[in-house]
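Note sheet for the following structure.
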Amino acid sequence: MAVGIVTDSTSDIEPQLADRLGITVVPLFVIWGDRSYRDYVDLSRREFYRRLASEAELPKTSQPSPQMFEDAFALLANAGQEIVCITISSKLSGTVNAARAAAGRFEGASITVFDSLSVAGGLGMQARIANDLAKSGARTDQIVRALENERRAQRLYACIPDLSHVVRTGRIGKAQAAIGTLMKIVPVISLHDGEVVAEAQVRTFARAEETMIDLALKNVRDIADGRFLVMHTNAPDLAENVRGRLVHRFAGVKPKLLEVLEAGPVIATHGGPGAVGVFSAQ
């Protein structure tokens, strides 16, 4: 039986690419005042950053409703497909609970909800791996095993110049941010079991970038078999600089994947502008 892949918009798989790949993407929401905008649907990156720079009020985010996942699942289930749904880390959002609630409404359908313990490019990588396997005829259990392996292999390290956004949205502790501010320390953050933690603390943003690159490379034993994704929030020049530094450190060895990707509105709400990160996996 064919397997359909569903994910959420924090995977940063843009609508046109999702359509081309055949991946169903359920949007989260960016909330500004009394208005809600569907991530990537009602609010583009360009409009998001324009408003972020010009409006005094800062946005918030919200997870999709179970009904939104139910609508997505119904299209695939009615077509006779099994479903694998891969969501943002349960430690960062309640999105996985909405997906599970929706899955429980389909008696007799095969719907597997997988907690990626990741976000952004890492979630996108998992969704695309699952989709490639599904297109090749893999069964649901084979896809889930591959996702479990990928989840173990992935690491994210990132530098965020302004921790206020991460604190305001509850993704890192206030005490950690206060220490960083008082001591003029720049933290290198990582995802550990799906949670945002401070991986290292250094004195300058430049040193934080170097530490981030060191950690990303340490996660990959063989560059030729490695995959690297540089993420940024409205900082293309910074991301290209990091990409170039990675290439220099590769010393002529070409990895399986090296791409630059800009995060979408939901992720940028939490990270703020000017952040950069590297997902690495082998």
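Whose amide H sits under 5 Å from the amide H of E199, counting only residues 5 or more places off or on another chain, with H placed in the peptide plane?
The answer is V188, I189, S190.
Rank these for me by crowding, I13, I88, going from fewest to most other beta carbons within 10 Å. If you can, show how the numbers build up before the last one.
On the way: I13 25, I88 29.
Result, fewest neighbours first: I13, I88.
Per residue of the stretch 262-278, what does 6.51 cos²θ - 1.76 cosθ + 1.60 with θ = phi - 60° give for ³J(HN,Hα)? Whole Hz please, x for Gly and Pro, Karplus curve as stated.
Result, rounded to whole Hz: 8, 5, x, x, 5, 5, 5, 4, 8, x, x, x, x, 8, 9, x, 10.
From the backbone phi of the stretch 195-200, what are the Karplus-calculated ³J(HN,Hα) couplings (6.51 cos²θ - 1.76 cosθ + 1.60, θ = phi - 60°) in whole Hz, Gly and Pro given as x?
10, 7, 9, 7, 8, 8
Pop the C-beta distance of L75 and A224 into the FRET formula with R0 = 51 Å and round what comes out to the nearest 0.05.
Working: r = 40 Å, r/R0 = 0.78.
Efficiency for this residue pair is about 0.80.
Apply the membrane-span-like helix rule to the chain: whole DSSP H runs, Cα extent along the own long axis of at least 18 Å, mean Kyte-Doolittle hydropathy at least -0.5. List the helices found. Kindly include the intermediate steps, with their values, before the conclusion.
Values: long enough: 120-135 (22 Å, 0.07); 140-153 (20 Å, -1.11); 205-218 (19 Å, 0.19); 236-250 (21 Å, -0.57).
Qualifying helices: 120-135, 205-218.
For the stretch 55-63, just list the computed ³J(HN,Hα) in residue order, Karplus coefficients 6.51, -1.76 and 1.60, θ = phi - 60°, integers in Hz, with x standing in for Gly and Pro.
Per residue, the Karplus-derived 3J(HN,Hα) values read 9, 6, 7, 8, x, 10, 10, 8, 6 Hz.
For the chain, what number of Lys pairs, 8 or more residues apart or on separate chains, have alpha-carbon atoms under 24 Å from each other? Provide the component values of the computation, followed by the final result.
On the way: K60/K91; K60/K174; K91/K174; K135/K256; K174/K184; K218/K254; K218/K256.
Lysine pairs satisfying the spacing and distance rule in the chain number 7.
Per 10 Å bin, what percent of the C-alpha pairs of the chain does each bin hold, from zero upward?
Calculated over all Cα pairs of the chain, the distribution is 7, 29, 35, 22, 7, 1 percent.
If you place +1 on the Cβ of every Lys and Arg and -1 on the Cβ of every Asp and Glu, how big does the dipole about the Cα centre of the chain come out, in debye to the nearest 20? Mind showing how you got there, number by number?
Numbers: 32 positive and 32 negative charges, 132 e Å.
Roughly 640 debye for the chain.
If the chain between A101 and V41 were fully stretched, how many nm would it gain, using 0.36 nm times the residue separation less the Cα-Cα distance?
Numbers: separation 60, 0.36 × 60 = 21.60 nm, distance 2.33 nm.
Full extension of this stretch gives 19.3 nm more.
Please report H270, H248, H192 as a ranked list, fewest other C-beta atoms within 10 angstrom at the top and most at the bottom. The partial results should precede the final answer.
Values: H270 27, H248 10, H192 14.
Ordered by Cβ neighbours within 10 Å, fewest first: H248, H192, H270.
For the stretch 30-173, what does the alpha-carbon gyration tensor say about shape, rounded, prolate or oblate, given a ≥ b ≥ c as the root eigenvalues, a/c under 1.5 as rounded, and a/b over b/c as prolate?
The shape class here is prolate.
Using Cα pairs closer than 8 Å and at least 6 residues apart in sequence, work out the relative contact order for the stretch 14-142, in percent.
Working: 145 pairs, mean separation 27.3, N = 129.
The value is 21 percent.
Starting from the Cα of A56, step 7 Å along the direction of its Cβ; do the same at N149; then give the gap between the two resulting points in nm.
5.5
Which three numbers, in whole Å and largest first, are the semi-axes of the equivalent ellipsoid of the stretch 14-67 derived from its Cα gyration tensor as √(5λ)?
Numbers: eigenvalues 109, 44, 7 Å².
That gives 23, 15, 6 Å for the three semi-axes.
Run the numbers on the chain and let me know its relative contact order in percent, using alpha-carbon pairs under 8 Å that are six or more apart.
Values: 552 pairs, mean separation 57.8, N = 282.
Across the chain, relative contact order equals 20 percent.
Please give the direction-averaged projected area of the C-alpha convex hull for the stretch 187-233, in square nanometres with one decimal.
Numbers: hull surface 15.8 nm².
It is 3.9 nm².
Pick out which of A251, A72, A200 has the largest mean-square fluctuation in a Gaussian network model of the chain, springs linking Cα atoms closer than 10 Å.
A251
Pop a pseudo-label 7 angstrom from the Cα along the beta-carbon direction at both Y49 and T204 and give the gap in nm to one decimal.
Rounded to a tenth, the inter-label distance reads 2.5 nm.
Cα gyration tensor of the stretch 73-145, axes a ≥ b ≥ c as square roots of the eigenvalues: rounded (a/c below 1.5), prolate (a/b > b/c) or oblate?
Working: a/c = 2.20, a/b = 1.13, b/c = 1.94.
It is oblate, given that a/c is not under 1.5 and a/b is not larger than b/c.
Want the number for A109 to D34: 0.36 nm per residue separation, take away the alpha-carbon distance, what's left?
On the way: separation 75, 0.36 × 75 = 27.00 nm, distance 3.69 nm.
That works out to 23.3 nm of additional length.
Where a number appears in this text, it was derived from the coordinates with a stated rule and is not lab data. This is a predicted model, so every value here is computed, not measured. Every residue, glycine among them, receives a Cβ derived from its backbone with ideal geometry; neighbour counts consider all protein chains shown.
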